Amino acid sequence: MTSHRLVVDPVGHAGEIRRFNRYVIAGPNPHDCAVFVGAIGDDGYGRFWLGRPGGPKVVRAQRFAVAAVHGVMPAGLVAMHECDNPLCVRVGARHVVIGSQSDNLTDMGRKHRGGGSGWGRGASGLDRQARRARAHAVRAALTGGWDRTAVSEALGAGMPGQEPLFALGT
């Protein structure tokens, strides 16, 4: 997967940042995910449209979030989900961090979320269709704002018998 450099200038792209933030619902605790509730791709990751010179462009929501916080998302690096929630856009430790694809694969292996019969199933151990369905369920659970129980149920529906993949707080 090739990733391009993405620059988000807080002044020049202020309108884009405001529009992006309208699609984010953050949990009340500092360790909760901030969930992107805009467009969702067929892989279960958030998508955000940019109106940049040269025509519209779509980027993954977590890449835009990193660029909005740091000013740039470097080419060749990935926005890794340490929380394993593909819709999370909270930039920082335990959530979305910058890393290499090698770092991302190492993290996946350390969490036993890849390799063997699960290879190709992504960070959550779900196949593409199930990740998309789970992402839509999480987004639907947040239509009225942050609801810890609804989010937990939406995440649990994706992987019966498994603990939630990200911290919802206590």
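Quick notes on this one:
- Unmet criterion (only one of (1) modelled with pLDDT under 90; (2) surrounded by 19 or more Cβ atoms within 10 Å (Cβ to Cβ); (3) over 16 Å from Leu155 (Cβ atoms)) for Arg60: (1)
- Any hit, region 26-35, residues being modelled with pLDDT of 95 or more and either assigned to a loop (DSSP other than H, G, I, E, B) or among the hydroxyl-bearing types (Ser, Thr, Tyr) (or both): no
- Filtered residues of region 53-83 (kept if in a loop (DSSP other than H, G, I, E, B) and either under 8 Å from the mean Cα position of the chain (by Cα) or not acidic (Asp, Glu) (or both)): Pro53, Gly54, Gly71, Pro74, Ala75, Gly76, Leu77, Cys83
- All conditions in (1) out of contact with any strand residue (DSSP E or B) (no Cβ under 6 Å at 6 or more places or on another chain); (2) without any contact (Cβ under 8 Å) to a residue 40 or more places away in the chain; (3) under 14 Å from Val97 (Cα atoms); (4) of a type outside the set (S, T, N, Q) hold for Val69, with the sole exception of (1).
The values are calculated or read from the model by the stated rules, or taken from the named source; none is laboratory data. Everything numeric in this text was worked out from a predicted model, so none of it was measured. Neighbour counts are summed over all protein chains in view; Cβ atoms, including those assigned to glycine, are modelled from backbone coordinates with ideal geometry.
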